[in-house]
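K.L.:
I have a structure here, written as structure tokens, and I will follow up with some questions on it.
The values are calculated or read from the model by the stated rules, or taken from the named source; none is laboratory data. The structure presented is a predicted model; accordingly, all values stated were derived computationally and were not measured. Here the Cβ is made from the backbone with ideal geometry for all residues, glycine too, and neighbour counts use every protein chain on show. Ligands, DNA and RNA are excluded from the accessible area calculation, which covers all protein heavy atoms including side chains. Shrake-Rupley method; radii C 1.70, N 1.55, O 1.52, S 1.80 Å.
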Amino acid sequence: MSTAVLTDPKTKIRVSQSSAPQPIIQMREVCKGFGSGVTRNEVLTNINLNVREGEFLAIVGFSGSGKSTFMKLLAGLETIDSGTLTMDGQTITGPNPERGLVFQNYSLLPWLTVRGNIALSVNSVFRKWGRGERADHVEKFIEMVGLTHAAHRRPHELSGGMRQRVSLARTLAMKPKVLLLDEPLSALDAMTRSVLQEEILKIWEEERQTCVMITNDVDEAILVADRIVPLNPGPNASLGPAFTVELDRPRKSSELNHSDAFKGLRNAVTNYLVAVRQKSREDEAATTTAPKVELPDLEPLAMKLPHVSSLTAAK
Amino acid sequence: MNWRGKLLTFCKVTGMPVLEPFVRLAAGEDVKEQLVGISKFVLLPALAIALFIGLWSAAAKTIVSDSAQLPSPTATWNAGIELFEMHADQRQADRDAKKEKLTEAVESLAMARGFDELAAKATEEKKSLYAAEAQKNRKRAVLAANYTPSSAPTFIDQIINSLVTVAFGFLIATAIAIPIGVMCGMSPWVNAAMTPFIQVFKPVSPLAWLPIAAVVIIWAYSGTDPEDALFSKAFLTSAATVSLCSLWPTLVNTTFGVASVNQDYLNVARVLKLSWAQQLYKIILPASLPLMFAGLRISLGVGWMVLIAADMLAQNPGLGKFVWDTYQNGSSVSYARITFSVIVIGAIGLVFDRIMICLRNLVSFGDTAPA
Ligand SMILES: Nc1ncnc2c1ncn2[C@@H]1O[C@H](COP(=O)(O)OP(=O)(O)OP(=O)(O)O)[C@@H](O)[C@H]1O
Ligand SMILES: [Mg+2]
């Protein structure tokens, strides 16, 4: 097997440990690829994950490793090739407003205003509500993301940060049981990004719904998440060991920067990511230049990570 | 947004960059930059037009044969003015005739009254005579009151006829092309079934359709008296030819627009569990409107171009017939009138194009097409 991380027994043990109390979403041996025959491209392999009720889970990974594909599987927009994927014990067969997805590229409908975009969701999901009730609901969420002054504008008249706010409000207004955020902030500049990070955190701390967020920023993951799961680089990407973030809430990014636990965790996650990327590059080089040669199954030096439990204990 | 922003948006949506430098100048923006804009969009085209008119005058002096001569710009202009004057005169004459007839009607009616009174007072044998006379006058009055002038259509009338025909043909084409296009775009199966037809019929020359359209219309009208018919045969033949030719750009663009709706928008619809109809009306149609209107714009251009030729062949009242009749007429001003018609036809085509650009820009938010 080329993916040493996957066969690493420690990983498996940790995954099964983390499946402790109440998994709301459960993934078992999930595989996903695109195309068929010679153009077949295996994106995700053997994904095992339990998302616990009420937790904030962050998935970190490099660009192109299959993060969006992973999220679309959770949302039900793509179907799994093999394995099982369940929510509340029931197989996920298609999309459902119970799992609200915030798209990576906002996906706002350009012909609708801010209000129109949010109203479309509300009107489609809460069909049984009265007209006034739905309108109030829409206004509440426009206000929550601070866009009351721009409610009549169309997406092309908004800044990137404002668009992301609309996209967030549109999904939150559906009152999903699980909130799925696909790199919600990666297209934004650093300033807007940190403002929105805190807003997302604030909203989540009020609602405490289950939330899965994809990000490519380790600091961001540590700031918001209860657990961080790295996605190894593709093809055949699988999940790495979970890192538990045991920092007190509410968290402030300005304060975190001075915390030793934060620094340690950041180093651990970053080192892990760098190591798996190094490994995947070596694997790739090995398969492309000399495919016939058997390479000794060695772990790179950088794979020797500080143990997660020791990290959390240090806190 | 202030008035300036609104005007600038207006310039953009209507596809008229000509106006933009003037708006900015009025708002007190950098003068030099605006002068560059004005010289680009106003002075340069004006110069080109002046150059063209100069060349045209020179050509008009050269291209002279025994029977005819290329009309000069002034001759064309005068012919145009003459055409408008003829229209005004004609209208005046019609109005006078109508007035005359009305007086006649009133007089006849008065006569009829007179005979009625006479009949009431007269003795038995004269009574029926007077009554008959009264009846005759009454009939005359009705005939005179219902008089409609039946003069030959003027140039302006022909413009209106052409506009009506092209609008009719274009509406039919749109009503056919958009539903089929939507179906083709939504279902690869329908598309596969339609593709052979589209690809074979699309490149067919407009005029090849005309006899076929005529056959169908003659068949459809075989039992009806031409007096009762809602539309004349020639009108329907022209309109049908326009439809058949202007169908394709809309059809192809609608198919493409619907088939290429952003997958993310469709994902939004799937997450919201929209029904098929909601998905069509709330996502697919709005998303494909810009491409649809781009197709309609080409269709209207093609339709207008085809109409002139169809009118000539089908002898349907309109600009095409006007050009043809004038040509056959062969008087000294014929060529000047035809040249003037050419310019009018072009100008109307331009207006159509602007209107369609404007509509397209109105439905494509944040992605206005260059003019
Ligand atoms: N619909 C599809 N058909 C074929 N291949 C696909 C499809 N969607 C994704 N892929 C492939 O799957 C791989 C992972 O794509 P994905 O969009 O999940 O990456 P990502 O991790 O989200 O990247 P980024 O950080 O840039 O968003 C890519 O190699 C991509 O080419
Ligand atoms: Mg992605």
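K.L.:
In the stretch B:200-209, what residues are part of a helix (DSSP H, G or I) and at pLDDT below 90?
P.N.:
B:PHE201, B:PRO206, B:LEU207, B:ALA208, B:TRP209
K.L.:
Looking only at the stretch A:71-82, decide whether some residue is more than 12 Å from chain B (Cβ to nearest Cβ), within 28 Å of A:ARG163 (Cβ to Cβ) and among the acidic types (Asp, Glu).
P.N.:
No; the residues of the stretch A:71-82 include none that is more than 12 Å from chain B (Cβ to nearest Cβ), within 28 Å of A:ARG163 (Cβ to Cβ) and among the acidic types (Asp, Glu).
K.L.:
Restricting to the stretch B:4-35, name every residue that is touching a residue at least 60 places away in the same chain (Cβ under 8 Å) and of a type in the set (Val, Ile, Thr).
P.N.:
Our first condition is that a residue be touching a residue at least 60 places away in the same chain (Cβ under 8 Å); within the stretch B:4-35, this holds for B:12-17.
Those that are touching a residue at least 60 places away in the same chain (Cβ under 8 Å) and of a type in the set (Val, Ile, Thr): B:VAL13, B:THR14.
K.L.:
Residue by residue through the stretch B:314-334, note down the ones that are buried (at least 20 other Cβ atoms within 10 Å of the Cβ), of a type outside the set (S, T, N, Q) and in contact (Cβ under 8 Å) with a residue 40 or more places away in the chain.
P.N.:
Within the stretch B:314-334, B:ALA314, B:PRO317, B:GLY318, B:LEU319, B:GLY320, B:LYS321, B:PHE322 meet the criteria.
K.L.:
Output the number of residues of the stretch A:52-70 satisfying the condition of being more than 10 Å from ligand 1 (Cβ to nearest atom) and on the phi < 0 side of the Ramachandran plot.
P.N.:
7
K.L.:
Taking the options A:LEU77, A:LEU73, A:LEU101, name whichever one is within 16 Å of ligand 1 (Cβ to nearest atom), hydrophobic (A, V, I, L, M, F, W, C) and in a loop (DSSP other than H, G, I, E, B). Can you show your working first?
P.N.:
Values: A:LEU73 fails: in a loop (DSSP other than H, G, I, E, B); A:LEU101 fails: in a loop (DSSP other than H, G, I, E, B).
Step by step, each of A:LEU77, A:LEU73, A:LEU101 is checked, and only A:LEU77 is within 16 Å of ligand 1 (Cβ to nearest atom), hydrophobic (A, V, I, L, M, F, W, C) and in a loop (DSSP other than H, G, I, E, B).
K.L.:
Those residues that are open to solvent by less than 10 Å² (accessible area, probe 1.4 Å) and either among the basic types (Lys, Arg) or outside the structural domain of A:ASN50 (by TED's automatic domain parsing) (or both), I need them from the stretch A:222-250; list them, please.
P.N.:
A:ARG227, the sole residue that qualifies.
K.L.:
Identify the residue in the stretch A:55-70 that is in a loop (DSSP other than H, G, I, E, B) and within 11 Å of ligand 2 (Cβ to nearest atom) and, among all such residues, is farthest from the other protein chains (Cβ to nearest Cβ).
P.N.:
This residue is A:PHE62.
K.L.:
Something else: Within the stretch A:129-136, identify whether any single residue is touching a residue at least 24 places away in the same chain (Cβ under 8 Å) and surrounded by fewer than 21 Cβ atoms within 10 Å (Cβ to Cβ), and answer yes or no.
P.N.:
Initially, the stretch A:129-136 is screened for residues touching a residue at least 24 places away in the same chain (Cβ under 8 Å), giving none.
Within the stretch A:129-136, not a single residue is touching a residue at least 24 places away in the same chain (Cβ under 8 Å) and surrounded by fewer than 21 Cβ atoms within 10 Å (Cβ to Cβ).
K.L.:
Among the residues of the stretch B:266-312, count how many are of a type in the set (A, V, I, L, M, F, W, C), in contact (Cβ under 8 Å) with a residue 24 or more places away in the chain and more than 8 Å from chain A (Cβ to nearest Cβ).
P.N.:
18
K.L.:
Continuing with the same structure: Does A:ASN257 fit the bill of being surrounded by fewer than 18 Cβ atoms within 10 Å (Cβ to Cβ), farther than 30 Å from A:PHE141 by Cβ and at pLDDT 90 or above?
P.N.:
Taking the combined requirement at face value, the residue does not satisfy it.
K.L.:
Inside the stretch A:160-254, counting only helices (runs of 4 or more DSSP H) that do not spill past its ends, which hold 3 or more residues that are of a type in the set (S, T, N, Q)?
P.N.:
A:160-172, A:190-207
K.L.:
So which residues in the stretch A:165-207 are away from chain B (no Cβ under 13 Å) and within 16 Å of ligand 2 (Cβ to nearest atom)?
P.N.:
Once the filter is applied, which keeps residues that are away from chain B (no Cβ under 13 Å) and within 16 Å of ligand 2 (Cβ to nearest atom), the stretch A:165-207 yields A:LEU181, A:GLU183, A:PRO184, A:LEU185, A:SER186, A:ALA187, A:LEU188.
K.L.:
Hey, among the residues in the stretch A:84-98 that are part of a strand (DSSP E or B) and open to solvent by less than 40 Å² (accessible area, probe 1.4 Å), which one's nearest to the other protein chains (Cβ to nearest Cβ)?
P.N.:
Here the residue is A:MET87.
K.L.:
Moving on. Among the charged types (D, E, K, R), touching a residue at least 60 places away in the same chain (Cβ under 8 Å), more than 14 Å from A:PHE56 (Cα to Cα) and not assigned by TED's automatic domain parsing to the domain that holds A:GLU55, is that true of A:ARG154?
P.N.:
On the way: among the charged types (D, E, K, R): yes; touching a residue at least 60 places away in the same chain (Cβ under 8 Å): no; more than 14 Å from A:PHE56 (Cα to Cα): yes; not assigned by TED's automatic domain parsing to the domain that holds A:GLU55: yes.
It is false that A:ARG154 is among the charged types (D, E, K, R), touching a residue at least 60 places away in the same chain (Cβ under 8 Å), more than 14 Å from A:PHE56 (Cα to Cα) and not assigned by TED's automatic domain parsing to the domain that holds A:GLU55.
K.L.:
How many residues does the stretch A:38-54 contain that are within 16 Å of ligand 2 (Cβ to nearest atom) and open to solvent by 10 Å² or more (accessible area, probe 1.4 Å)?
P.N.:
2
K.L.:
Against the definition (at pLDDT 90 or above, surrounded by 22 or more Cβ atoms within 10 Å (Cβ to Cβ) and within 14 Å of chain A (Cβ to nearest Cβ)), how does B:PHE340 come out, yes or no?
P.N.:
Details: at pLDDT 90 or above: yes; surrounded by 22 or more Cβ atoms within 10 Å (Cβ to Cβ): yes; within 14 Å of chain A (Cβ to nearest Cβ): no.
Spelling it out, it is not the case that B:PHE340 is at pLDDT 90 or above, surrounded by 22 or more Cβ atoms within 10 Å (Cβ to Cβ) and within 14 Å of chain A (Cβ to nearest Cβ).
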